[in-house]
1. Within the stretch 82-102, track down each residue that is out of contact with any helix residue (DSSP H, G or I) (no Cβ under 7 Å at 6 or more places or on another chain), surrounded by 12 or more Cβ atoms within 10 Å (Cβ to Cβ) and free of Cβ contacts under 8 Å to residues at least 12 places away in the same chain.
2. Out of curiosity, is Val163 assigned to a helix (DSSP H, G or I) and either closer than 15 Å to Ser284 by Cα or touching a Pro at 6+ places or on another chain (Cβ under 6 Å) (or both)?
3. Would you mention how many residues in the stretch 103-132 are free of Cβ contacts under 8 Å to residues at least 60 places away in the same chain and either on the phi > 0 side of the Ramachandran plot or surrounded by 19 or more Cβ atoms within 10 Å (Cβ to Cβ) (or both)?
4. Being free of Cβ contacts under 8 Å to residues at least 40 places away in the same chain and polar (S, T, N, Q) is the filter; apply it to the stretch 43-69 and report the residue that is surrounded by the fewest Cβ atoms within 10 Å (Cβ to Cβ).
5. Give me a count of the residues in the stretch 188-244 that are at pLDDT 95 or above and surrounded by fewer than 18 Cβ atoms within 10 Å (Cβ to Cβ).
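The values are calculated or read from the model by the stated rules, or taken from the named source; none is laboratory data. Computed from a prediction, not measured in an experiment: that's the story for all the values here. Because the Cβ atoms are built from the backbone with ideal geometry, glycine has one as well, and the counts that use them run over all protein chains shown.
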Amino acid sequence: MPLYQRNPAFHLERWVAGFLLCVALFGVLYLGAVRTGPGQLLDQMMQRTASGTWNPLPPLSPQNDWITAWILLPPALACAALAHQRGPHQRWLILLCGAAVALGANVTTQVIKLVWSGRPTLVSLSSEWPANSLPSGHTTMAAGAAAAAFLICRPRDRAFWGVLAGLWAAGWGGYIYIEGWHLPSDMMAAYLVVAAWTLLGGAVVHHVEARDPELAPLPAEPGIPGGRQAGLSLTLGVMGTVLGLAALLGPVARHGLAEATASPTPWLFLAGAALSSAPALLLSAALIPLFSSETRRLTRTARKA
């Protein structure tokens, strides 16, 4: 008998539906940003604006290996501490699952860029960006490491760590955009890759936790489990997305696509920074209640058993 049938509180279809939704959104993003002229123009003009705009942040260099350490070390230390908080029951399975999600997301990103290595020349700017850089590898590293911490932490703390994971991924996505390394769509694609893997990892983690005799109930709160933390992520994500879309499409609606993207403007910089970071918080807002609801079902089922 399959594992998910042994626990009536587990709904495998939710994880599969979420995974397929991430894949579908990734396909729409790829087609719009890489395979259409307007998408390429908007994307590359935002990146050009970022690369030509001064910012007070410490400069990043792709050749500097220390960047990888700064991205991975804090989440790795968090994962070690969070694993120690868990009881000994199947601790290593949870750790292995978190590591598999982080590694799988990064391998997937590199495979995608290898398979779809070219970028069609649909606008004059495309010759300056001939290779397919979608998804961003460094953003995938940041989001994947944060997702591992989200999976490894105790179920009762997962909503809190979901907010931190979203902020960590969003912060690095925005930073990488501001430094001019990647197009905004590259960061969005990285978030979707990590979210898809997190949903796969979530299905495994909840199988493990369903058999954990030390599984503690979630803190009592009215409404949707994890709703407060998800609401915070949703508020920040919606505000950032609306700001980014308004800064990007407002000038286009007023002046037309050609005039709005004729030269770098503060609006393009603001749009790129917001759209490179806010989607991570939107995905965090969706994952927090999904995981929290499943944990609440598991604890209720355990009490009835």
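1. Scanning the stretch 82-102 gives a single hit, Leu96.
2. yes
3. Residues flagged as free of Cβ contacts under 8 Å to residues at least 60 places away in the same chain and either on the phi > 0 side of the Ramachandran plot or surrounded by 19 or more Cβ atoms within 10 Å (Cβ to Cβ) (or both) within the stretch 103-132 amount to 1.
4. Gln63
5. 7
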